[in-house]
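Participant: The structure follows.
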């Protein structure tokens, strides 16, 4: 099995010269005679030697690789379409530029920062993406200190001195709440994501402020880990409470699908008894009955914008942040005036 | 922003010596005086220099990185939990060994092979995973020719001379069909995946043979691209046909969820009028009503086994293939005797 990759050592052995001489010859640097150079190049060609990225990296100081560490629990990655769609968008942009993505699942942001330090110190990456920014987040200051190009996939207020690529969740919530208020809803709850994530906190605050502005009830917000199980559990609690909401917004679509099932299991008609809105629109939202009203956005495009921004930073030393389009409300069968 | 990574050149400049001298000193090789060596090491420490993976790779000939290229359409990656769960399992094993995963989305197996050639030639990876093997598949012979360590995530019959990690889909189908036959079903259709994939072909053949052995009707198999849309479309066709099946097996769970919605939309009761079985059990299968009977397997563990096998190949030059446990049938509310 292990027919090994031809190395400079192989060429040196065949040519009967030192590895240093081979290196000089292949890099067209002085130090070997023209005859030796020609002979070394011929042998390199014959045995199929190609420049090693390691050797190239020493010369060009470019890894042609960018990194992404994900600190969500591994089981969640298989469930939420978001990250895989984001990665597919990042890949679309990277692969067009001959750049690879180094991916690692880590258990927490501190471990993630340590890994970024190593990747950067060892020249494995030219830059990284930061997702799921927390408050506080050791990665923001740590990466700024390293001077490593980094794009924060998240709101500018969370990015410190790093470059953000984001979309306006407040605008998306405003559209949704305005629409639900126009349908006649007064009590709109939300089944939210992890409370320590900045984007959850921004959504929580926006929902309170916008609800107040529209004259809606103070919203009940239940935090979860984004799983269908917790989405179902939160929905059961909301439906069973004395002040049952007439509409629920979910921070992802797997929880909204779970919420729909719970509502049906508890004998409620969706949308007559309960309207449901899913954040992030995937095939899931469309294949259930009724299909779900959703906050739809082009997640692969979001990933591409993040990748384009990071590659610009790597090339030019800096790049402006980028605000992507806000999610667009797509009404389907899961929302209606309350009965 | 671009405070650059400290390099050997920086140390050389500060120490007033050549880069070669710095390299000798840092690698504890003869050629510099003890005093110079000490001074160089002190400067290296002071400016925070760490060995570059490029330099290390030249010495150790290990990239400490393995590759995975996915040639499914990008949009499918966001939908099917399978790949993200597989990747999370691969990551679990790799990160424990300080090894990273280089991930790339490609448009076809030929482009994928070309990329593997480049990765291998440039020393970017120590080995690769091959998924979704086709018939014929240019990657199998191409990679064998390169002599690059590779693990085929798929049946041995598809792996050529490469090392396979697989589970027995025939056994899983036998359990499922035997169970459905015991419930009294005679007409069991399947909404299958891409027809050019070896594992689809193996399932197709197994279903025909096992159905014949159990005295069931010749199965109708509809091939799709694994999307919810095609799963819904295939289900509509099956339900509308003159010889409507009483049970349908789906090759993934998003199609099964879509099929459930179509059955309900067409006024059929699941499971009384139509029993449904999902292949690959995710949260989706459990959050819909009725919850889906599913062929459940530990996909992260499957990924871990593949990673362990590949790392053993990289370390030892070869490794035996590994047969993972077959998917286990978990009956839930979507299967019952036919009305």
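Participant: From other protein chains only, count the Cβ atoms within 10 Å of every residue's Cβ in B:118-125, then give the mean.
Facilitator: So the per-residue partner count for this stretch is 6.
Participant: Given the C-alpha centroids of the range B:226-267 and the range A:281-339, what is the distance between them in whole angstrom?
Facilitator: The range B:226-267 and the range A:281-339 have Cα centres separated by 28 Å.
Participant: Related question: Summing -39500 (n - 2.57) over the DSSP H runs of n ≥ 4 in the protein assembly as shown and dividing by its residue number, what mean residue ellipticity at 222 nm do you reach, to the nearest 500 deg cm²/dmol?
Facilitator: That comes out to -14500 deg cm²/dmol.
Participant: Oh, and also: For chain B, modelled as a GNM with alpha-carbon contacts under 10 angstrom, which of B:154, B:267, B:228 fluctuates the most?
Facilitator: In this elastic network of chain B, the residue with the biggest mean-square fluctuation among B:154, B:267, B:228 is B:267.
Participant: Starting from the Cα of residue A:45, step 7 Å along the direction of its Cβ; do the same at residue B:273; then give the gap between the two resulting points in nm.
Facilitator: 7.2
Participant: Now, a different point. Could you calculate the contour length gain from residue B:38 to residue B:9, that is, 0.36 nm times the residue separation minus the distance between their Cα atoms, to one decimal place in nm?
Facilitator: 8.8 nm
Participant: For chain A, find the longest principal axis of its Cα atoms and tell me its angle to the long axis of helix A:169-183, 0 to 90°, nearest 10.
Facilitator: Helix A:169-183 sits roughly 20 degrees off the main axis of chain A.
Participant: Order these peptides, B:13-21, A:120-128, by their mean beta-carbon neighbour count within 10 angstrom, highest first.
Facilitator: Per-residue Cβ counts within 10 Å, averaged per peptide and sorted highest first, yield A:120-128, B:13-21.
Participant: With the contact rule set at Cα under 8 Å and sequence spacing of 6 or more, what percent relative contact order holds for chain B?
Facilitator: Computed over chain B, the figure is 16 percent.
Participant: Using the 2.2 N^0.38 Å rule of thumb for compact globular proteins, work out how the range B:207-339 stacks up: its C-alpha Rg over that value, please.
Facilitator: In units of the 2.2 N^0.38 Å rule of thumb, it is 1.25.
Participant: Any idea what % of Cα-Cα pairs in chain A are farther than 34 Å?
Facilitator: More than 34 Å apart: 40 percent of the Cα pairs in chain A.
Participant: Note the direction-averaged projected area, equal to a quarter of the hull surface, for the Cα convex hull of the range A:8-50, in nm².
Facilitator: With every direction weighted equally, the projected area is 2.5 nm².
Participant: Would you compute, for the Cα atoms of the range A:71-167, the largest minus smallest coordinate along each principal axis and list the three values in descending order, in whole Å?
Facilitator: 30, 30, 26
Participant: Just tell me how shielded B:93-101 is by partners: mean number of partner chain Cβ atoms within 10 Å of each residue's Cβ, no decimals.
Facilitator: Going residue by residue through B:93-101 and averaging, the value is 3.
Participant: With the contact rule set at Cα under 8 Å and sequence spacing of 6 or more, what percent relative contact order holds for the range B:244-339?
Facilitator: 33
Participant: How many times 2.2 N^0.38 Å is the alpha carbon radius of gyration of the protein assembly as shown?
Facilitator: So the protein assembly as shown has a normalised radius of gyration of 1.07.
Participant: Do you know the relative contact order of the range B:176-254, to the nearest whole percent, from alpha carbon pairs under 8 angstrom that are 6+ apart?
Facilitator: This gives 44 percent for the range B:176-254.
Participant: Using a 10 Å cut-off around each Cβ of peptide A:306-312, what is the average number of partner chain Cβ atoms that fall inside?
Facilitator: 0
Values in this text are rule-based calculations from the coordinates and carry no lab data. The model shown is predicted, which means the values in this text are computed figures rather than measured ones. So basically every Cβ, Gly included, is an ideal-geometry build from the backbone, and we count neighbours across all protein chains shown.
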